[in-house]
Amino acid sequence: MTTRKSDGLQERRVLVVEDDYLIASSLAGTLETHGAEVIGPAASVQEALQLMAGEARLDAAVLDVNLAGDRVYRVADALLARDVPFAFATGYDAWIIPDVYAGVPRMEKPVDPEALIRTLAAEVARRA
Amino acid sequence: MRGTGDEADEGWAIDRGELLELVVESAADFAIFTTDPDGIVTSWNTGAERLVGYTEEEMLGRPADAIFVPEDRASGAPEQERRMAVAEGRAIDERWHLRRDGTRFWGSGLLMPLREGDTLRGFAKIVRDRTEHHLVGERLRESEARFRLLARSIPQLVFATRGNGDRTWGSPQWCDFTGLSEPDSLGYGWLDAVHQDDREATVEAWQVAPTAGEYYVEHRVFRAADGTYRWHQTRAKPLVDSGVGGEWVGTSTDIHEIRGLQERQQVLLAELQHRTRNLLAVVQAIAHQTRRTSGSLDDFEVEFENRLRALSRVQGLLPHAERGVVDLRTLVEAELAALGGNTDIAGKVTVGGPTVGLPAGAIQALALALHELATNAVKYGALGQPSGKLTVTWRVAAESDQSWVELDWREAGVRMPPAGTPRRRGYGSELIERALRYQLRARTRLDFRNDGVRCSISIPVPANEGGRP
């Protein structure tokens, strides 16, 4: 796999939270291809929070909303508290997501790999 | 001009007589006639001729009772009327009357005694035809009665109101439903039965109603029977004749169940979308990963299609999984049966284990793993070699707070590649050793033994699920 140096996620540490292994490994693969370092993936809220606690540096995150029936919002809140930019990758329509996350980009599954990189890079650049 | 008072009085007396006659004759809309004390007609004006149909000649000397309908005559109404007139100085006559031609009219009039000193000389009667008026009133009363009946018999809570929400009437259902008495409901008292959080919207809707020409709001209304609030749809419209400034009539309809269903439907729709898109994401991932492990485009096509078919088979089982009724045996047999078309597996396969209800979340991943095991068994293992045997068994192992479904996939009699041959750990290995562990917290083990593949998969299930079909 080639690494594209021009991407805005080069050497960024990106947390992946997604309960389906196939989707998670696809997301991770896409991120790694673009030079990011994947933290996780985590399949549950608890795992994601544990991973976050152990990581001093997180640059971005991509979150599935429904984790085997649990909602991911506690992870989202922890990311907001740490000012880590993130995006939702979900099969849900926007109205399901609470208004407090109105500013968070929502990517519809199946996620376009290009859009994933573009969206996260834009969020990271906005904080820089 | 007359010169003296006497002359004037006399002249006036004459004039008055003429005048009276003139008035009586020209009052064509009024039947005016006189009778003697016994009710025998002594005069009969043009209005009476016109209204009743008898000429003066026909009626003079005859009982005026002829204009009463037979049933009133039989019940003595004419005599009663005369007695009343004598006793009270007048008697009101509001009733159906009879014309010469047998038709009836609603007459409204008065009977007055004519006296000379203390002596009763007869009666004067004046009657007007009020048939139209009476019928209109009657229709209105009937219509009103029908409305009230309707308002009382439909399940909706009906009310009459002014165009600003100021209520003037509420159906008994409203009072029964809310427990508010009618007096307490009038004006804006009805608002007490509306949920506190919905009152503002309820009042605001009345503010825009006159402009909109109708009132519409969905709000919760108190149900006295069980002390709960139920969603109602309340609408009102002005009565056509009275315009927005006049009387409005409205209904409140219980839409609690429908609203609940709509909400559930929305949730179900959202879940369906979520699942569909998630499934597409899985397909996308499978395509991506199949491409990575395929030697050629032809290989890709075969493998990708086989995996899609496995995915498709399991979609058919998922609705049953919601009710916890997908048995592990169903899943195993479905995957083996899918091979049946091009492989003779009869006599090679033994399947056995208790009835086990699988958790919904485990089914898809497990099915994909079983698919890879079965496909590989056909390509390289027990199902592709004459002496090969496959045994698939499972049991439920209970631990303190949860159970495990332990599946054992055991191939035997397989001629394995010589030791030292580099073994491609393919997609099946990834699913078993990584996906099941990641997604289901499963314990898995995949061994390539001398006589065939052995795979064990332990899936955690809630303690009360284990063994239940």
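Odds and ends about this structure:
- Based on the convex hull around the alpha carbon atoms, the range B:289-372 presents an average projected area of 6.3 nm².
- If both residues of a DSSP beta bridge must be in chain B, then about 95% of such bridges are antiparallel.
- Label sites at B:Asp38 and B:Glu218, each approximated as a point 7 angstrom past Cα along Cα to Cβ, lie 8.0 nm apart.
- Cβ-Cβ FRET estimate between B:Ile255 and B:Leu149, R0 fixed at 25 Å, reported to 0.05: 0.55
- Remark: the B:Glu138-B:Thr276 segment gains 43.2 nm on full extension, using 0.36 nm per residue and subtracting the alpha carbon distance.
- Between B:Ser400 and A:Gln50, the C-beta separation translates, for a Förster distance of 41 Å, into a calculated FRET efficiency of about 0.95.
- Most simply put, the range B:295-462 has about 85% antiparallel DSSP beta bridges, counting only bridges with both residues inside it.
- Per-residue 3J(HN,Hα) values for the range B:217-224, derived from phi via the Karplus relation 6.51 cos²θ - 1.76 cosθ + 1.60 with θ = phi - 60°, read 7, 10, 8, 8, 10, 5, 10, 5 Hz in sequence order (x marks Gly and Pro).
- For B:Leu114, distant residues with modelled amide H under 5 Å away: B:Arg121, B:Gly122, B:Phe123, B:Ala124
- Within 10 Å of the Cβ of each residue in A:87-96, the mean number of Cβ atoms contributed by other protein chains is 4.
- Residues of the range B:18-38 with amide N under 19 Å of the 7 Å Cα→Cβ point at B:Arg100: B:25-35
- From the alpha carbon centroid of the range B:262-284 to that of the range B:212-236 is 32 Å.
- In this simple spin-label model, placing a label point 7 Å from the Cα along the Cα-to-Cβ direction at both B:Val351 and B:Arg62 gives a separation of 10.5 nm.
- Semi-axes of the equivalent ellipsoid for the protein assembly as shown, Cα gyration tensor, largest first, Å: 99, 30, 20
- For the peptides A:60-72, B:376-388, the ranking by packing is A:60-72, B:376-388, with the highest mean count of neighbouring Cβ atoms within 10 Å listed first.
- Considering only B:Ile92, B:Ala66, B:Thr46, the residue lying farthest towards the positive end of the dipole of the range B:20-129 is B:Ile92, judged by Cα position with unit charges set on Cβ.
- Spatially proximal lysines relative to B:Lys348 (Cα-Cα < 27 Å; intrachain offsets below 8 disregarded): B:Lys379, B:Lys389
- For a label point 7 Å along the Cα-to-beta-carbon line of B:Glu79, residues of the range B:22-44 with backbone N under 18 Å: B:36-41
- Maximal additional length on extending the B:Glu25-B:Val208 stretch stands at 60.1 nm, based on 0.36 nm per residue less the C-alpha distance.
- The range B:128-187: relative contact order as a whole-number percent, Cα under 8 Å and 6+ apart: 22
- Residue mean of other protein chain beta carbons inside 10 Å, A:98-111: 2
- Helices in chain B, meaning DSSP H runs of at least 4 residues, each add -39500 (n - 2.57). Divided by all residues, the mean residue ellipticity at 222 nm is -14000 deg cm²/dmol.
- Residues of type lysines that A:Lys109 reaches as a straight line, Cα spacing below 29 Å, ignoring anything fewer than 8 places off in the same chain: A:Lys5
- Inter-chain neighbour count for A:68-81: the average number of beta-carbon atoms from partner chains within 10 Å of each residue's beta-carbon is 1.
- Dimensions of chain B along the principal axes, based on C-alpha atoms and rounded to the nearest Å, stand at 157, 48, 46, largest first.
- Taken about its Cα centre, the protein assembly as shown carries a charge dipole of about 4620 debye when Lys and Arg each add +1 at the Cβ and Asp and Glu each add -1 at the Cβ.
- Mean separation of Cα contacts under 8 Å, 6 or more apart, over the residue count of chain B: relative contact order %: 7
- Spin-label pair B:Arg291/B:Leu120, simplified geometry with 7 Å Cα→Cβ offset, distance in nm: 11.6
- Global geometry of chain A, whether rounded, prolate or oblate, following the gyration tensor of its Cα atoms and the 1.5 cut on a/c: rounded
- Our estimate of slack between B:Arg437 and B:Leu268, defined as 0.36 nm per intervening residue step minus the Cα-Cα distance, is 57.9 nm.
- Annotation: amide H of A:Ile39 within the under-5 Å range of A:Val14, A:Leu15, A:Val16, sequence separation 5 or more or interchain, hydrogens built in the peptide plane.
- Student exercise, chain B dipole from Lys, Arg, Asp, Glu Cβ charges, in Debye to nearest 20: 5100
Values quoted throughout were computed directly from the atomic coordinates according to the rules given, and no laboratory measurement underlies them. From a predicted model like this one, the values you see are computed outputs, not experimental measurements. Cβ sites come from the backbone with ideal geometry, for glycine too, and all protein chains shown count toward neighbours.
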